[in-house]
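Read through the structure below, which is laid out as C-alpha cells, and then see the notes.
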Amino acid sequence: MNWQALHVPGGIKRMRRVVEILSGTPDRIEYAHTGAYTVPGLPQLAEAVYLPAVAFSDSETRALLDGYLFAVVDPREIAGHPMLADVRAIGEVSEREIATLRAVELHGVGAARPWEAGELVQITRGPFQGLIGAFDSRSKRWGILVQIECLGRELVVEIDERMAARLSQAACRARKKPINTY
C-alpha cells in the first residue's frame, strides 16, 4: 500500500481523533517536533499515520496542512468505517512528498530558503499591508522583524512570517522611488 492524502473536516481535534481511529495501536502516530502520540485499544486500520503539525506557541499545536493528514491505508477501509464517514481519501502521495513535509515540520516553512538580512519584503496583510521594508532578523517570540518607514520614521515591526512576501530581484530593480514614501 502507498501513502494516501486524507481530507478531514472539523479542525485539529477531529484530525487527532481520526489519527487515533486509524492507528489503533501504540507507537503509530508521529509528530516530528514532539515525538509519538499514542492511543491504545483500537483496531489498526492503517500501517502508518502522519499528521504534519507545527508548534505555534508553547501551548498550541496546529496542523501544517489544515484538514489533511496522511496514512498508509486502503481507501476502502475508510469508506466503510462508521466513525470515518466524513473522511475522504484524496489520492496517493509519494514517499518523497512525505519526506518533504517532515522536513518542513522539523525545520519550518522557510527552511527551503532562509531570510537574509536586508532582503526586501512586502507586507501582505495586517495594519502595515502594502508597505515594503527590509528583513532584519527572526523574532525571539514567533515572527520576523522587518524595518519599515512609516509616518516619516524608521520602525522595526514584528509580524507573522505568513504576512510577508519576498520581493523578486526584478521587482527590486524596477523600483525607482525610495521605499514607502507617501
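Worth pointing out:
- Entry for region 120-174 at q = 0.14, 0.19, 0.24 Å⁻¹: log10 I(q)/I(0) = -0.33, -0.61, -0.93, Debye formula applied to identical alpha-carbon scatterers, no solvent contribution.
- Contact order, relative form, for region 44-159: 14 percent (alpha carbon pairs under 8 Å, 6 or more residues apart, mean separation divided by residue count).
- Here region 120-174 is treated with +1 on each Lys and Arg Cβ and -1 on each Asp and Glu Cβ, and its dipole about the Cα centre works out to around 140 debye.
- Local electrostatic count, G11, Cβ distance below 11 Å [Lys/Arg +1, Asp/Glu -1]: +4
Here, each number is a calculation from the coordinates, and none is a lab measurement. Given the structure is predicted, the values throughout are model-derived calculations rather than measurements. Glycine gets a Cβ as well: all are built from the backbone with ideal geometry, and neighbour counts include every protein chain shown.
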